[in-house]
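Visitor: After the structure tokens below, expect a handful of questions from me.
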Protein chains: 2
Amino acid sequence: MIILGIDPGLQITGFGILKKEGNKTFLLDYGFLKMSPTKSLPERIGIFHAFIQEKIITYKITDLALETPFLGKNSQNFLKLGYLRGILYLLANTHTLLLHEFSPREIKASLTGFGGADKAQVARVVLQLFPTLTMPNKLDVTDALAITLCGLWKTKNPYLLQIH
Amino acid sequence: MIILGIDPGLQITGFGILKKEGNKTFLLDYGFLKMSPTKSLPERIGIFHAFIQEKIITYKITDLALETPFLGKNSQNFLKLGYLRGILYLLANTHTLLLHEFSPREIKASLTGFGGADKAQVARVVLQLFPTLTMPNKLDVTDALAITLCGLWKTKNPYLLQIH
């Protein structure tokens, strides 16, 4: 199982890639994609699609982990997140990936034991598990790795076939 | 100029394709894509992508017209519309289409002269322009053709390069 966890955003997208072999877990890749707001929306969607597809092919990804979105104060941001999620669903379909989605509470609880934990607390657990992780924008990456880890630990119910 | 107008939906997507040559306008194709709700979300996104891409290639589409979405009562529907729009932006980028977006009021005003017109009023104008149009689900198609016509008539400001 090789799982890609993504925390998508039109400005910054964090990602983490983990491989499970027996009892061992390997951190294959992690990082983020930063897109310039001077580019048009179709251009950025194209860059996002190409970037994620390249990771899927390079690492022979089998599973995709995402966080379920929630409607915040800004409905336009919610819609833009929808654009990126549409691309991820398309890639899941094209490359036959098993899809796992978790609520923010599930992810936090799975890492820290507490669903109401804050970003810093989640980051501390991720950094404890991967002490070699070095990254200028650590929080973008630790969030994505938290999603990836949650997907790795809760793989019994992939819901590629769940009806929406 | 060959313009594709789309009214996307996870259940029914209406579309119309018009070609402008000098002063003449030709109706090249119209119809709808119906997707079974028993299929998974990634599958439906994949079907939607393949269907629209096939139209773009077959008819050598140069322009894409869409209606700007608005947040209704159901935020989940708004998010799902975002998935489909993400796919359309990707296709606009892949096939270098000029993108035109109009508010529902702009579209209605451009067809009927009145921004507050209802669906049936818009449909009457579309059917007057295309009297040969036969279709079981007329309203799905007339809505899409209204978007296409609006795109055809207001082509001076394509905003492929507009910053979001």
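The values are calculated or read from the model by the stated rules, or taken from the named source; none is laboratory data. In this text the structure is predicted, and so the values were computed from the model without any measurement. Cβ coordinates were reconstructed from backbone atoms using ideal geometry, including for glycine residues, and neighbour counts include every protein chain displayed. We work out accessible area using only protein heavy atoms, side chains counted, and drop any ligands, DNA or RNA first. Shrake-Rupley method; radii C 1.70, N 1.55, O 1.52, S 1.80 Å.
Visitor: Quick check on segment A:41-75: of everything there that is within 20 Å of residue B:64 (Cβ to Cβ) and out of contact with any helix residue (DSSP H, G or I) (no Cβ under 7 Å at 6 or more places or on another chain), which residue is least open to solvent (accessible area, probe 1.4 Å)?
Guide: A:44
Visitor: What are the residues in segment B:76-111 that are over 17 Å from residue A:79 (Cβ atoms) and open to solvent by 50 Å² or more (accessible area, probe 1.4 Å), if any?
Guide: B:93, B:94, B:95, B:96, B:98, B:105, B:106, B:108
Visitor: Could you check residue A:114 against (1) open to solvent by less than 60 Å² (accessible area, probe 1.4 Å); (2) part of a loop (DSSP other than H, G, I, E, B); (3) over 23 Å from residue B:69 (Cα atoms); (4) of a type outside the set (S, T, N, Q) and say which number it fails?
Guide: Going through the list (1) open to solvent by less than 60 Å² (accessible area, probe 1.4 Å); (2) part of a loop (DSSP other than H, G, I, E, B); (3) over 23 Å from residue B:69 (Cα atoms); (4) of a type outside the set (S, T, N, Q), residue A:114 breaks only (1).
Visitor: Report whether or not residue B:26 is crowded, with 16+ Cβ neighbours inside 10 Å, assigned to a strand (DSSP E or B) and touching a strand residue (DSSP E or B) at 6+ places or on another chain (Cβ under 7 Å).
Guide: No; evaluated as a whole, the condition is false for this residue.
Visitor: For segment B:71-93, how many residues are facing chain A (nearest Cβ under 9 Å) and not in a helix (DSSP H, G or I)?
Guide: Qualifying residue count, segment B:71-93: 1.
Visitor: Six or more apart or on different chains, Cβ under 7 Å: which pairs go from a residue in segment B:109-120 that's of a type in the set (A, V, I, L, M) to one that's part of a loop (DSSP other than H, G, I, E, B)? Could you list them?
Guide: Note: pairs meeting the criteria are B:109/B:115.
Visitor: Return the residue satisfying two criteria in turn: it lies in segment B:50-70 and is in contact (Cβ under 8 Å) with a residue 40 or more places away in the chain and charged (D, E, K, R), and of such residues it is farthest from the other protein chains (Cβ to nearest Cβ).
Guide: Step by step, filter segment B:50-70, then rank; the result is B:60.
Visitor: Scan segment A:122-150 residue by residue and report those that are part of a helix (DSSP H, G or I), open to solvent by 60 Å² or more (accessible area, probe 1.4 Å) and polar (S, T, N, Q).
Guide: A:128 - this is the single residue of segment A:122-150 that is part of a helix (DSSP H, G or I), open to solvent by 60 Å² or more (accessible area, probe 1.4 Å) and polar (S, T, N, Q).
Visitor: For segment B:29-78, enumerate the residues that are closer than 27 Å to residue A:100 by Cβ and of a type in the set (D, E, K, R).
Guide: B:39, B:43, B:44, listed by residue number.
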